[in-house]
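Each reported figure results from applying straightforward, stated rules to the coordinates on display, with no laboratory input. All values reported here derive from a predicted model rather than from experimental measurement. Cβ placement follows ideal geometry from the backbone for every residue including glycine, while neighbour counts extend to all protein chains displayed.
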Amino acid sequence: MAPMTTSPTSVPYADRRSPAGRPVRFSVRFLVGGGFTLIELLVVVLIIALLAGMVLVAVNAVSKSGASTKAKADLQSIATALEAYKQDFGSYPLVTTPNTGAAVLCKALLGPSPKTKATGPFEAGEMYQAAYTEPSLPPQPYVALVSAPMGTPSGAQGLDDDWAPISNLDGNDGQFPDYRENGFRVGQKVIDVNPAVPGSGRPGGKVFGPYVQPEKFKVNKDTLFFVDAGGKPILYFPAATNRPKLSTPESGSAPISNGGYVGAGPGGLFNAHNNARFFIRKTPLGTDIDEANAVKRIRAFLGDYGLDGAINKQGTMETDPGGAETLSYILWTAGPDGNFGPNVPTDSLATNPLNLNPSDAADWKVNAQAVAACDDVSNVR
């Protein structure tokens with residue numbers, strides 16, 4: 001009778017020979033039964049998820065830090081350019097129309113003459129101008145302060161409107177709305193023109209600028225804004241040429257009448273109306289459309305925790321020497337979160353909101369904390 005044979009898989013061990021001829025035994029249980037349990041797998045997945053979350057937080061922090069560093073470098077370059085502008089013209093650029101601080105800054109230092117549009121859609125910084133009816137009497141151009149602006153520009157613009165009237169001249173031409181050169185000419189572009197001789201004439205006034213290198217700044221050739229890494233405009237608040245008296249009321253007294261430190265309009269050292277629209281959050285929250293809140297955001301960020309437009313002691317929150325009150329202008333970007341200024345209570349899900357009616361040191365401390373939580377970048381802080 002032939003000897004019985006057994007399948008290799010029917011026994012728990014299989015004999016193999018080592019190079020030395022000795023048998024080596026492998027456990028089938030070791031080969032097929034040594035995997036992770038479900039609980040162990042879940043623990044591993046959880047650890048990986050936690051590590052991934054920590055890495056994302058670190059990457060986000062580095063990204064925000066990089067954006068802030070880039071913004072500070074841009075503001076320093078603009079500050080250098082403003083000094084060169086002053087050297088040529090004897091003063092810093094003036095802002096004479098509400099909500100045009102950002103546009104005036106770009107025009108003065110880069111000198112663009114953006115092509116105007118008669119229909120939308122519009123991006124922030126683009127120009128609107130109706131069709132010409134009289135070549136010698138062009139309609140008023142307007143700059144869009146926000147993307148997808150509401151309504152059509154009109155002669156009477158409020159501080160919460162999405163448009164601001166401003167000339168689109170310069171760009172070395174001073175005449176035509178579709179020229180896009182940088183720099184600007186003081187005086188007529190062409191003089192000694194003989195109407196009977198096409199192409200006659202010679203260059204006119206002196207050309208200045210650009211005072212910044214266009215390739216180093218994020219700016220669309222058809223817009224009137226310098227923008228930061230998030231696409232938000234860089235704001236410009238020039239100080240009043242005749243500095244007002246900044247002596248202040250103490251706690252509980254009424255705001256000073258001349259506007260003092262930051263005025264809600266002309267009269268203060270800085271005029272909040274130069275860029276007020278950018279501090280009014282119409283979207284996506286849709287609730288904080290109060291001009292007064294916009295002014296308070298500006299005042300708080302500049303160290304006026306009492307929100308009275310004045311520089312006062314306000315507990316231990318006295319403005320540091322060499323702060324904004326000594327500056328000739330303020331440059332300001334929205335920071336990584338894309339919002340200008342600290343939160344106010346009407347902001348949806350606001351954290352660290354301002355106390356809009358502070359009256360004592362505890363309220364001033366709350367406002368100091370709200371400012372500390374704000375990630376805006378400026379030449380002040």
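Using 0.36 nm per residue of separation minus the Cα-Cα distance, give me the extension gain between T351 and S328 in nm, one decimal.
So the extension gain works out to 5.1 nm.
Given 10 Å bins starting at zero, what is the percent of C-alpha pairs of the range 78-163 in each, up to the one with the largest pair distance?
15, 42, 31, 12, 0
Sticking with the crude label model, points 7 Å out along Cα→Cβ, report the distance from K216 to K70 in nm, one decimal please.
1.6
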